[in-house]
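J.: Below: one structure in structure tokens.
The values are calculated or read from the model by the stated rules, or taken from the named source; none is laboratory data. What you see is a predicted model, and the numbers here were worked out from it, not measured in a lab. All Cβ positions, glycine included, derive from the backbone under ideal geometry; neighbour counts span all protein chains shown.
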Amino acid sequence: MFCGMGGSAADSRVLRDAISRRNGFVVPRGSYYLVDAGYTNGDGFLAPFRGQRYHLNDWSERHQPTTAEEFFNMRHASARNIIERMDIPTQETRGRGKNKRKWNYEEDAKLVEALLDMVNVGAYKAENGFKPGYLNYVEEKMQVSLPNSGLKAKPHIESRIKTLRRDFNIVYDMLNGSNTSGFGFDPIKKCVTAEKAVWEAYLQSHSTHVIWQNKPFPFYDDLLIIFGKDRATGNNADGPADMMEEIQREEVNNDPNDDVETTIENGLEDLDASMSFSPLQSPRTEGIQKKKKRSRSVDNLMIMTEGIKEAASVIGSEIAKASQLFSKAIGVEAEVSEKRQKIDSEIRKIPNLTATEVIKVVCRIAQNHELTDVFFSMNEEGREQLVVAILHGDI
């Protein structure tokens, strides 16, 4: 079309002007340009019959073409409708959703493998995600493993990583969330498991997660290595404050200071009463009263002193207990930490393991204190068998 041209596309003058221009519009030989009834038939141009039903909404099961002219017009209108729809922007060109791509299992597996390799290299792993440039690194790995896939860093890989992270977060929160319980993960079927009642209670507040019932999530263990550090919770860790709270909860039901506090309070009440104002008396009586007051004050002070000593003794005893618990906890943690530092070097002594397999086994053992103890209690042959069992998903 030409800007500034009067009339519309249905006006025959528009087509005549386009054809008559130098380097004007030419219909390729063997092709046809569909025009409406405002144009005339010519070489390469097809116009419908005038005076006959034409538009598609004129036809229905009860109003089918009855003549050759009507049938031609129906086909003509249908062809134009298809051509016009080809020019309507689709979801792939409209913006949101244009990056959608159906990923298959092999592509997902290669993407996860590339991410694991990136984590192993360590150059792009940040505290809460990945450093700039990681997408290009992953794209290069994908081009080697899937050279004909056409997967690009943006939008394909970036979008798929976001999807994998979202799915991982959902499953991780089911298994480790503070407000969820009763969920497990089947290492064979690679899916979340729970009793029917647990699912029903969970779906009341997470209705969109119903798709995760019996839905396989085969890359959870690998994604735990890739994204796991970003979701560390420490739910099972007991610090000094937790230990002191436990001691205080035990003391609520059986407080050894109850009798001491009562003695102190009674002594203070007696002391306050003895120091209260009284009317003037005779010198003799006043002297006797002063002696009695001094005697009572001394007795009360002695009671208070003994009470304070006893309270201090009890408090000191509890502090000693807490210190022992704290020291023991620190000792255990130090021992576990020392073993964790040795896991990587011990695993690398086992032959025929890839870098990815080493990372997977190290993370699996380091996450479980009992498994760490079992590993270091075994001989070399036993350790190799344990590693094989972990890689096969048996443990």
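J.: Looking at the range 130-180 only, could you name the residues that are among the small types (Gly, Ala, Ser) and either in a loop (DSSP other than H, G, I, E, B) or farther than 18 Å from Phe219 by Cβ (or both)?
T.: Gly133, Ser149, Gly150, Ala153, Gly177, Ser178
J.: Looking at the range 113-130, can you tell me whether even one residue there is over 21 Å from the mean Cα position of the chain (by Cα) and of a type in the set (Lys, Arg)?
T.: no
J.: Next question, about the same structure. If the Cβ limit is 7 Å and pairs must be 6+ apart or interchain, which residue in the range 318-340 that is under 29 Å from Val362 (Cβ atoms) pairs with which residue that is surrounded by 12 or more Cβ atoms within 10 Å (Cβ to Cβ) and modelled with pLDDT of 70 or more?
T.: Close Cβ pairs satisfying both conditions: Val336/His369; Val336/Thr372; Lys339/Thr372; Lys339/Phe376; Arg340/Ala366; Arg340/Thr372.
J.: Report the residue count in the range 344-392 for those that are in contact (Cβ under 8 Å) with a residue 12 or more places away in the chain and not β-branched (Val, Ile, Thr).
T.: Result for the range 344-392: 20.
J.: Yes or no: Asn169 surrounded by fewer than 16 Cβ atoms within 10 Å (Cβ to Cβ) and touching a residue at least 12 places away in the same chain (Cβ under 8 Å)? Steps first, please.
T.: Details: surrounded by fewer than 16 Cβ atoms within 10 Å (Cβ to Cβ): yes; touching a residue at least 12 places away in the same chain (Cβ under 8 Å): yes.
In short, yes.
J.: Within the range 278-395, which helices (runs of 4 or more DSSP H) (wholly inside it) include 3 or more residues that are at pLDDT 75 or above and more than 30 Å from Leu223 (Cα to Cα)? Don't jump to the end; show me each part of the working.
T.: On the way: elements: 283-347, 355-366, 369-377, 380-391.
The qualifying helices (runs of 4 or more DSSP H) are 283-347.
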